[in-house]
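Beneath this line is the structure, given in C-alpha cells, with notes to follow.
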Amino acid sequence: MIQKSTTETPIEEIHRIRREISDRFGGDIAAIAADAQRRAQASGRAFWQGKTTNQPMQRSGGDDVSDGGESTPAAR
C-alpha cells in the first residue's frame with residue numbers, strides 16, 4: 001500500500017509513488033498501462049477516451065503539397 005510521509009513535498013510524493021508503481025510492474029510500461037486501464041474500467045466511473053483512429057489533417061489546398069501528402073521542393 002502506498003503511504004504518504006509527512007515530511008515530503010508533493011513533488012517528492014509523486015516521484016515516490018511513481019517509483020513504487022514502476023517497481024511493482026518491473027518497469028514494464030505496457031503492464032502499468034494495462035493495469036491502469038483495467039482499474040479505470042472496473043471503477044465504473046466515467047472517463048475520457050480519445051479518438052481511436054488516427055485521421056490525417058485536412059489539406060489546405062495549397063499547391064505546395066503533392067497528392068501523396070509530401071511537400072514539393074521550394075521554387076528557386
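The values are calculated or read from the model by the stated rules, or taken from the named source; none is laboratory data. As the structure is a computational prediction, the values presented were derived from the model and not from experiment. We place every Cβ from the backbone using ideal geometry, glycine too, and count neighbours over all the protein chains shown.
With respect to the numbered conditions (1) surrounded by fewer than 10 Cβ atoms within 10 Å (Cβ to Cβ); (2) part of a loop (DSSP other than H, G, I, E, B); (3) at pLDDT 80 or above, which one is the sole condition not fulfilled by residue 69?
(3)
Please determine, by comparing only the residues of the stretch 5-58 that are in a loop (DSSP other than H, G, I, E, B) and among the basic types (Lys, Arg), which one is nearest to the chain's Cα centre (by Cα). Working first, answer last.
Initially, the stretch 5-58 is screened for residues in a loop (DSSP other than H, G, I, E, B), giving 5-9, 25-28, 44-58.
Next, from what is left, pick out any that are among the basic types (Lys, Arg): 45, 51.
Working: 45: 19, 51: 13 Å.
So the residue we want is 51.
State all residues of the stretch 5-18 that are of a type outside the set (Val, Ile, Thr) and surrounded by 11 or more Cβ atoms within 10 Å (Cβ to Cβ); if no residue qualifies, say none.
As a first pass, look at the stretch 5-18 and keep what is of a type outside the set (Val, Ile, Thr): 5, 8, 10, 12-13, 15-16, 18.
Those that are of a type outside the set (Val, Ile, Thr) and surrounded by 11 or more Cβ atoms within 10 Å (Cβ to Cβ): 8, 12, 13, 15, 16, 18.
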